[in-house]
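Novice: Here it is: the structure, laid out below.
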Amino acid sequence: MFSSGYLANLGAIAALVGQRDLVLSDEFNHSSLKNGAILSKATVLEYAHCDLVDLQTKLAQQHDRFRRCLIITDSVFSMDGDLCPLPELLNLAEQFGCMVLVDEAHATGVLGETGAGCVEHWGCTGRSLVQVGTLSKALGSLGGYVTGSAELIDFLRNRSPGWIYTTGLSPSDTAAALEAIAILQQEPGRRQQLWQNVGQLQQQVRDCLNQAAFSNCFKLIPSESPILCLQVADAERAIAIGQLLHERGVFVAAVRPPTVPTSRIRITLMATHQPIHIHQLTAALTLAAKL
Ligand SMILES: Cc1ncc(COP(=O)(O)O)c(C=O)c1O
């Protein structure tokens with residue numbers, strides 16, 4: 001356990017690789033993965049988003065020149081909502097003898113039969129990888145985790161300053177996270193409800209996209225998670241739409257460059273949302289499309 005998910009990524013990446021090593025990083029990775037790679041002092045190469053051909057090309061050209069190679073990726077991409085192609089990525093890693101670190105921040109509690117994350121969702125449990133996550137999203141607490149072999153955990157306990165030289169989780173955050181995990185295990189209905197909400201919103205947005213004003217304003221970014229993004233023309237429009245939605249009681253983020261390449265409205269669904277909330281959202285979006 002680390003004090004946050006951000007620190008877990010910094011701590012794990014900087015411990016696993018150093019100056020003589022190579023990090024291959026998806027171009028849309030979260031800031032904590034990117035900064036972990038910089039902190040490690042390894043050579044960092046970005047590959048095109050979820051592009052296995054680009055990754056393979058870079059591995060074939062580069063991996064012989066370095067001592068170790070680490071591939072780092074979000075499992076659910078935080079600003080798009082799509083999933084990394086984990087099974088194929090692990091096959092490539094095996095072929096080239098690379099390590100893989102996957103950040104499950106938005107997958108923990110959400111994906112997989114028991115809510116264990118994207119690794120479980122893709123049937124990759126038990127394969128050789130480093131799984132990082134946070135207690136701060138679906139679990140509603142604070143803290144980050146790294147899981148892997150006992151050897152890996154022992155190594156991190158000895159090599160990760162972000163774990164050794166800072167205060168551990170507070171008892172209250174720990175208790176809250178443990179309770180959240182118990183709820184996750186005992187009440188799978190919450191996860192089913194969440195995915196039902198995702199299906200409903202996807203369907204309603206697709207219906208709205210049949211209207212000219214809506215499809216002129218919004219472009220649906222493909223998503224396989226409760227994060228759903230609607231791309232808009234520019235930052236000003238994103239802010240104006242965000243404000244209008246806020247005034248109508250809908251809290252969404254207007255995300256703009258340089259955080260993301262294109263401006264967008266980022267919607268995050270919860271298990272506790274009800275059909276009326278989803279309807280309220282699409283009604284507000286329909287209105288915003290006419291701005
Ligand atoms: C993909 C991803 N990884 C890591 C983090 C950092 O987690 P934490 O908030 O626990 O520091 C976040 C966001 O908070 C995130 O979206």
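Novice: Sticking with the crude label model, points 7 Å out along Cα→Cβ, report the distance from E27 to T166 in nm, one decimal please.
Specialist: 3.0
Novice: Quick one: angle between helix 235-247 and the longest Cα principal axis of the chain, in degrees between 0 and 90, rounded to 10, please.
Specialist: In the chain, helix 235-247 runs at an angle near 70 degrees to the longest axis.
Novice: To continue, here is another question. Order these peptides, 147-156, 38-47, by their mean beta-carbon neighbour count within 10 angstrom, highest first.
Specialist: Put in order of decreasing packing, that is 38-47, 147-156.
Novice: Sticking to Cα atoms, compute the Rg of segment 188-288 to one decimal and its Dmax as the biggest Cα-Cα distance, whole number, in Å.
Specialist: 13.1, 40
Novice: Still on this structure: For the chain, what is the calculated [θ] at 222 nm in deg cm²/dmol (nearest 500), taking -39500 (n - 2.57) for each run of four or more DSSP H residues and dividing by its residue count?
Specialist: Helix-only estimate at 222 nm: -13500 deg cm²/dmol.
Novice: Does anything in segment 86-117 have its amide N under 11 Å from the 7 Å Cα→Cβ label point of S128, and if so which residues?
Specialist: Residues 93-100 fall inside that zone.
Novice: How far is helix 150-159 tilted, in degrees, relative to the longest principal axis of the Cα atoms in the chain, given as a value from 0 to 90 rounded to the nearest 10?
Specialist: Taking Cα atoms only, the helix is inclined about 80 degrees.
Novice: Distance between Cα centroids, segment 241-291 to segment 37-93: provide it in whole Å.
Specialist: When both Cα centres are located, 31 Å separates them.
Novice: Find out how many positive minus negative residues lie around F66, taking Lys and Arg as positive, Asp and Glu as negative, among other residues whose Cβ is under 12 Å from that of F66.
Specialist: +3
Novice: Right, here's the next one. With axes computed from alpha carbons, what is the tilt in degrees of helix 52-62 against the longest principal axis of the chain, rounded to the nearest 10 within 0 to 90?
Specialist: 30
Novice: Once you have the Cα-Cα distance between K290 and E179, take 0.36 nm times their residue separation minus that, and quote the gain in nm to one decimal.
Specialist: Gain on stretching K290 to E179: 35.5 nm.
Novice: Tell me which cysteines of the chain come out unpaired when the rule is another cysteine's Cβ under 4.7 Å.
Specialist: C50, C84, C118, C124, C208, C217, C229
Novice: Describe numerically, in nm with one decimal, the distance between label points set 7 Å from Cα along Cα→Cβ at Q196 and at L209.
Specialist: A separation of 2.5 nm, rounded to one decimal place.
Novice: If you take the square roots of the eigenvalues of the alpha-carbon gyration tensor of segment 63-204 and sort them as a ≥ b ≥ c, do you get rounded (a/c under 1.5), prolate (a/b over b/c) or oblate?
Specialist: In terms of gyration-tensor shape, oblate.
Every number here is computed from the coordinates shown, using simple stated rules; none is lab data. As the structure is a prediction and not an experimental result, all values here were calculated from the model. Here Cβ is always computed from backbone atoms with ideal geometry, including for glycine, and neighbour counts include all displayed protein chains.
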